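Input: a single structure, listed below in structure tokens.
The values are calculated or read from the model by the stated rules, or taken from the named source; none is laboratory data. Source: prediction; values computed, not measured. Neighbour counts run over all protein chains shown; Cβ positions are idealised from the backbone, glycine included. SASA here: full protein model, heavy atoms, side chains in, ligands and nucleic acids out. Shrake-Rupley method; radii C 1.70, N 1.55, O 1.52, S 1.80 Å.
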Amino acid sequence: DTGVSQNPRHKITKRGQNVTFRCDPISEHNRLYWYRQTLGQGPEFLTYFQNEAQLEKSRLLSDRFSAERPKGSFSTLEIQRTEQGDSAMYLCASSRRQSSYEQYFGPGTRLTVT
Amino acid sequence: DQQVKQNSPSLSVQEGRISILNCDYTNSMFDYFLWYKKYPAEGPTFLISISSIKDKNEDGRFTVFLNKSAKHLSLHIVPSQPGDSAVYFCAARKAGTSGSRLTFGEGTQLTVNP
């Protein structure tokens, strides 16, 4: 069990550029979640996958955001035409279906949009 | 609509004493509650959880108490150690939510002084 990993750890981009983040969950976990955390707040749910199926999306996930989990293993989160308001920590978590409330988080990707 | 609220942004205690972190919620449909600990530049680390059908769960130095009538839960850390200094998040899951999205509070910064 190597834990949830995320890459890159930090990303600085200019407004209007596209960015993509990767998450590798714990290997036996079939559920994968994306959250966003801004300063002084707790993580906010964005979307979740069970295997390769994206089953729920938050209203926070605007049409500039897209997430995929093509083979039910790693996942990518892409933000198109980034805005300064997208600056945040993007967290990935994974869980087993049977105890899906116990979610294990990765270290996050810190996005700064200048 | 902040459904999970941690009203104390910070708490300072002496090493060896008890730390009590509090959390209030408004949604009676929550069926699992969790506490996470977060160090700077790391993702949240799962600490302990409690089902809504219980009123207490203990794991080593950590005990979570749930008062459903008051919609209140607390995390007790005894004895507190300097390594416990971190931000603590309370989180909750809504029953019947197939995806198990977690709703987080804003966090409480705990500082344990040697």
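When only residues in the stretch A:87-102 that are within 13 Å of the chain's Cα centre (by Cα) and open to solvent by less than 10 Å² (accessible area, probe 1.4 Å) count, which is farthest from the other protein chains (Cβ to nearest Cβ)?
So the residue we want is A:88.
If you take the residues of the stretch A:31-54 that are open to solvent by less than 70 Å² (accessible area, probe 1.4 Å) and hydrophobic (A, V, I, L, M, F, W, C), which of them is nearest to residue B:7 (Cα to Cα)? Looking at the filtered set, the residue picked out is A:45.
Taking residue B:33 as the residue in question, decide whether it is hydrophobic (A, V, I, L, M, F, W, C), in a strand (DSSP E or B) and open to solvent by less than 50 Å² (accessible area, probe 1.4 Å). Against the criterion (hydrophobic (A, V, I, L, M, F, W, C), in a strand (DSSP E or B) and open to solvent by less than 50 Å² (accessible area, probe 1.4 Å)), residue B:33 qualifies. The residues in the stretch B:36-52 that are surrounded by fewer than 17 Cβ atoms within 10 Å (Cβ to Cβ) and either of a type in the set (A, V, I, L, M) or more than 22 Å from residue A:102 (Cβ to Cβ) (or both) can be counted, and the count is 2. The residues of the stretch B:83-108 that are more than 7 Å from chain A (Cβ to nearest Cβ), at pLDDT 95 or above and over 17 Å from residue B:50 (Cβ atoms), listed by number, are B:83, B:84, B:85, B:86, B:87, B:108.
Taking residue B:111, is it open to solvent by 30 Å² or more (accessible area, probe 1.4 Å), in contact (Cβ under 8 Å) with a residue 24 or more places away in the chain and within 13 Å of another protein chain (Cβ to nearest Cβ)? No; evaluated as a whole, the condition is false for this residue. Taken over the stretch B:54-106, the criterion of being in a loop (DSSP other than H, G, I, E, B) and acidic (Asp, Glu) is satisfied by B:55, B:106.
Report yes if some residue within the stretch A:55-78 is under 24 Å from residue B:40 (Cβ atoms), surrounded by 14 or more Cβ atoms within 10 Å (Cβ to Cβ), within 14 Å of chain B (Cβ to nearest Cβ) and without any contact (Cβ under 8 Å) to a residue 60 or more places away in the chain; otherwise report no. No - not one qualifying residue is present in the stretch A:55-78. So in the stretch A:1-17, with the set limited to residues that are open to solvent by 70 Å² or more (accessible area, probe 1.4 Å) and under 15 Å from the mean Cα position of the chain (by Cα), which one is nearest to residue A:98 (Cα to Cα)? Top of the filtered list is A:7.
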